[in-house]
């Protein structure tokens with residue numbers, strides 16, 4: 001029996017991809033009126049902007065006036081997140 005039959009050579013497939021990004025600039029105003037009244041909102045709860053479109057995707061801004069996580073014990077933590085609202089299907 002030859003040595004190559006006892007130790008088969010495994011080949012690894014190499015893949016890759018290139019994604020060309022384009023810069024898109026948009027402005028969306030999310031104004032919070034009565035800011036001091038937001039302190040009654042529980043940790044982990046948020047206020048959300050209307051949905052807006054940028055670069056072919058739908059987004060919203062989520063504002064957590066008392067922090068996003070219960071573990072955040074600092075009362076002065078304010079969190080803002082961009083939430084992707086467009087559903088993508090990978091084919």
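For segment 1-27, filtering for residues that are farther than 30 Å from residue 52 by Cβ and either at pLDDT 75 or above or part of a loop (DSSP other than H, G, I, E, B) (or both) leaves 12.
For segment 56-77, the set of residues classified as modelled with pLDDT of 80 or more, assigned to a loop (DSSP other than H, G, I, E, B) and closer than 11 Å to residue 43 by Cα consists of 65, 66, 67, 68, listed by residue number.
The values are calculated or read from the model by the stated rules, or taken from the named source; none is laboratory data. Source: prediction; values computed, not measured. A quick note on method: Cβ atoms are made from the backbone with ideal geometry, for glycine too, and the neighbour counts reach across all protein chains shown.
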